[in-house]
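Colleague: Sharing a structure with you now.
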Amino acid sequence: MAARHYLQFKDFTLAEYEHLFARTRWIKERFKRYERYWPLADRTLVMIFEKASTRTRLSFEAGMHQLGGAAIYLNTRDSQLGRGEPVEDAGQVISRMCDLVMIRTFEQSIVERFARTSRVPVINGLTNEYHPCQILADIYTFIEHRGSIRGRTVAWIGDSNNVCNTWLQAAEVFDFNVHVSTPPGYEVEPERAGLYDHSHYEEFTDPMRAAEGADLVTTDVWTSMGFEAENEERLKDFEDWQVDEDMMRAAGPKALFMHCLPAHRGEEVAAGVIDGAQSVVWDEAENRLHTQKALMEFLVLGQVETA
Ligand code: CP
Ligand code: NVA
């Protein structure tokens with residue numbers, strides 16, 4: 001049977017996300033009680049990084065250890081991947097030596113090519129186009145704080161990047177709305193975002209209008225990894241797209257603030273917001289660990305029933 005992969009958010013159905021969240025709750029509670037849960041004993045995760053990472057590496061590596069397995073870190077610099085070995089050959093070889101692969105790279109087509117020749121499940125740990133593991137954790141975090149996300153409004157302020165595209169796919173799966181505000185020239189590209197239609201998002205030229213009444217306000221860096229050459233231009237283009245206290249007031253007192261991190265205080269977010277009472281960024285970061293443990297369990301073992 002062909003391996004199941006997690007390359008973009010819409011790869012899983014709503015029912016599968018509901019299963020993952022139920023497993024996340026169970027795994028997280030056991031972990032907090034220091035109860036051992038080793039369903040992936042003797043299993044190995046290979047993590048391939050072509051871009052920097054703190055949270056993704058740590059949450060996958062720690063998560064795999066906590067599930068009883070082992071994790072191996074590879075980067076482009078120290079492996080043959082950086083010296084032109086075809087991605088398809090790497091997929092063949094690496095997947096014969098492990099049970100699961102996580103890749104952080106540039107174009108989405110790279111993870112797709114790798115997955116085509118991989119014998120084991122492949123997880124997208126961030127590409128230029130998508131960051132599904134991030135939104136998995138973000139939606140779990142929203143539900144922990146506010147209950148169901150169905151019918152809610154998420155305001156995305158800033159760049160229509162990999163994290164934004166993934167929120168837009170998630171809105172189609174979970175049936176919520178995204179209010180997107182980007183500077184001119186940085187608008188959503190529906191095809192690149194992999195959207196079915198335009199029914200779950202609305203674009204606003206004024207970021208304050210996008211934030212009005214939102215249940216969640218979220219943003220990300222103005223310059224993503226791989227786009228560093230545009231940094232100076234972006235600093236100018238995005239200066240009116242900072243999530244600040246006025247914007248959170250427009251959203252209202254019950255609105256949450258999220259940021260995938262790393263953040264730049266004084267650029268895309270004011271310190272008073274990210275360090276303020278409405279911010280749940282540390283829960284969001286922690287939930288990368290718990291949700292990805294459920295994801296790895298699901299991809300390796302299938303649907304494990306919660307006792
Ligand atoms: N949010 C996130 O993916 O963080 P890292 O780049 O540190 O992995
Ligand atoms: N959009 C950012 C997310 C980092 C976790 C980037 O791709 O660099």
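The values are calculated or read from the model by the stated rules, or taken from the named source; none is laboratory data. None of these values were measured; they are calculated from a predicted model. Cβ: placed from backbone, ideal geometry, glycine included. Neighbour counts: every protein chain shown. What goes into the accessible areas is simple: the full protein's heavy atoms, side chains included, and nothing from ligands, DNA or RNA. Shrake-Rupley method; radii C 1.70, N 1.55, O 1.52, S 1.80 Å.
Colleague: Can you confirm whether segment 174-182 contains a residue that is modelled with pLDDT under 95 and assigned to a loop (DSSP other than H, G, I, E, B)?
Modeller: Within segment 174-182, none of the residues are modelled with pLDDT under 95 and assigned to a loop (DSSP other than H, G, I, E, B).
Colleague: Does segment 78-100 contain any residue that is without any contact (Cβ under 8 Å) to a residue 40 or more places away in the chain, of a type in the set (S, T, N, Q) and within 16 Å of ligand 2 (Cβ to nearest atom)?
Modeller: No: segment 78-100 contains no residue that is without any contact (Cβ under 8 Å) to a residue 40 or more places away in the chain, of a type in the set (S, T, N, Q) and within 16 Å of ligand 2 (Cβ to nearest atom).
Colleague: OK, next. Go through VAL93, VAL111, VAL122 for me and flag whichever is modelled with pLDDT of 95 or more, crowded, with 24+ Cβ neighbours inside 10 Å and over 29 Å from ASN231 (Cβ atoms).
Modeller: Going through VAL93, VAL111, VAL122 in turn, the sole match is VAL122.
Colleague: Can you tell me how many residues in segment 186-227 are under 30 Å from THR105 (Cβ atoms) and open to solvent by less than 70 Å² (accessible area, probe 1.4 Å)?
Modeller: Going through segment 186-227 one residue at a time, the tally reaches 20.
Colleague: Go through the residues of segment 228-250 one by one and say whether even a single one is under 18 Å from the mean Cα position of the chain (by Cα) and surrounded by 13 or more Cβ atoms within 10 Å (Cβ to Cβ).
Modeller: no
Colleague: Need the failing condition index for GLU61 against (1) buried (at least 17 other Cβ atoms within 10 Å of the Cβ); (2) in a strand (DSSP E or B), just the number.
Modeller: Checking GLU61 against (1) buried (at least 17 other Cβ atoms within 10 Å of the Cβ); (2) in a strand (DSSP E or B), the one that fails is (2).
Colleague: Please work out which one of (1) within 16 Å of ligand 1 (Cβ to nearest atom); (2) touching a helix residue (DSSP H, G or I) at 6+ places or on another chain (Cβ under 6 Å); (3) of a type outside the set (Ser, Thr, Tyr); (4) over 18 Å from ASP138 (Cα atoms) is the condition PHE227 fails and give its number.
Modeller: Exception for PHE227: condition (2).
Colleague: Okay, next question. Considering only segment 68-84, how many residues are open to solvent by 70 Å² or more (accessible area, probe 1.4 Å) and under 29 Å from ALA193 (Cα atoms)?
Modeller: Residues flagged as open to solvent by 70 Å² or more (accessible area, probe 1.4 Å) and under 29 Å from ALA193 (Cα atoms) within segment 68-84 amount to 1.
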